[in-house]
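Undergrad: My questions will all concern the structure given below.
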Amino acid sequence: MKLQQLRYLCAIVKNNLNVTAAAGRLYTSQPGISKQIRLLEDELGVQLFERSGKQLTDITTAGRAIIDRAECALVTIESIRQLACEFSNPQSGSLSIATTHTQARYVLPPVIRAFRQNYSGVGLEMHQGNPEQISEMAASGVVDFAIATEAMEYFEDLVMMPCYHWNRAIITPCGHPLMEMETPTLDSVVQYPILTYVFGLTGRSNLDMAFKSKNLTANVVFTATDADVIKTYVRLGLGVGIVAKMAYDSRIDTDLCAIDASHLFEPSTTKIGFRRGMFLRGYHYDFIRLFSSHLTRDVVDAVVKAGSNEAREDPFDKVVLQVY
């Protein structure tokens, strides 16, 4: 059995049994992967995949059990490499993050700047996507960390830790009628067309639930993944925007005004996570702490330990999250 065969096996699964796609991801040939999988099946004496002609159609029962262990083995091997690097050169390596536009644009810049000052020899890579894409990249090892707010059901395979609470702002052209109200209500907000995030991104579910709880129907006329895009179309007069409060900057958005909407919507919680079994290097711990100061190395280790059912106490029991 070769390590390369296990990589091929897991790549096929991650690419929905498409051997050609797996070969592309691994920069190798489709016939080469197919040959190695056949050799692995011959060596193990079991069939890993069900086939129709040359096409893989499903994973056998034996295949599922073996793939689970192969994935664990690959994580362990990568951990050994990272452990060796931590001893040989703790100031060098790579750090990759998958997150949403809001986090990348408004929260992470000072974190990245501080991290670069401490670890100039660590390469940084950032990916943006929706929660499902973010979780898949982290779970498959494409990135080290996932940072997200919505759709936590996608992150069951990851160790996820709460970082901070945040709420929303209503963005309007200055002089809009809503600005004249001392405390706008949901009833007043629904009188206008609404521009906000697409469903499943950046706290959108809390917004929808707030209107539903009051038996109100929001007239959402425009959605986007990017708060800057939403603000652009507010400027064009399409309606009022509801975005993360952190996405409004009075120094830049001088032609727009913001109304604090924390009294209208429940706060959302942003979390950071990584795949179970991942070896965390020193700079990984430091990045987590820079992103959320309460997530010290001891707290992170306690979360990992709790996830392995070795700890009984909630590591966040006495933690107060920062609020944006």
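The values are calculated or read from the model by the stated rules, or taken from the named source; none is laboratory data. The shown structure was predicted, so the numbers you read here are calculated from the model rather than taken from an experiment. All Cβ positions, even for glycine, are placed from backbone atoms using ideal geometry, and neighbour counts span all protein chains on display. For the accessible areas, the whole protein counts, side chains as well, though only heavy atoms, and no ligand, DNA or RNA atoms are used. Shrake-Rupley method; radii C 1.70, N 1.55, O 1.52, S 1.80 Å.
Undergrad: Need one value: the accessible area of Arg204 in square angstrom, 1.4 angstrom probe, rounded to the nearest 10.
TA: Result for Arg204: roughly 30 Å² accessible.
Undergrad: Then there is this: What are the lysines whose alpha-carbon lies under 30 Å from the alpha-carbon of Lys231, with same-chain residues fewer than 8 places away excluded?
TA: Lys212, Lys214, Lys245, Lys271
Undergrad: Of all beta bridges DSSP finds with both residues in region 36-157, what is the antiparallel percent, to the nearest 5?
TA: Details: 4 of 14 bridges.
Restricted to region 36-157, the bridges split so that about 30 percent are antiparallel.
Undergrad: Need the list of lysines near Lys2 for cross-linking: C-alpha distance under 21 angstrom, and skip anything on the same chain fewer than eight residues off.
TA: Lys14, Lys35
Undergrad: For the chain, which whole percent of the accessible surface, found with a 1.4 angstrom probe, sits on carbon and sulfur atoms? Don't jump to the answer; show the numbers that get you there.
TA: Working: 8270 of 16660 Å².
Carbon and sulfur atoms account for 50 percent of the accessible area of the chain.
Undergrad: Could you size up the charge dipole of the chain around its Cα centre, putting +1 on the beta carbon of Lys and Arg and -1 on that of Asp and Glu, and report it in debye to the nearest 20? Please report the intermediate quantities before stating the final value.
TA: Working: 31 positive and 35 negative charges, 161 e Å.
It comes to approximately 780 debye.
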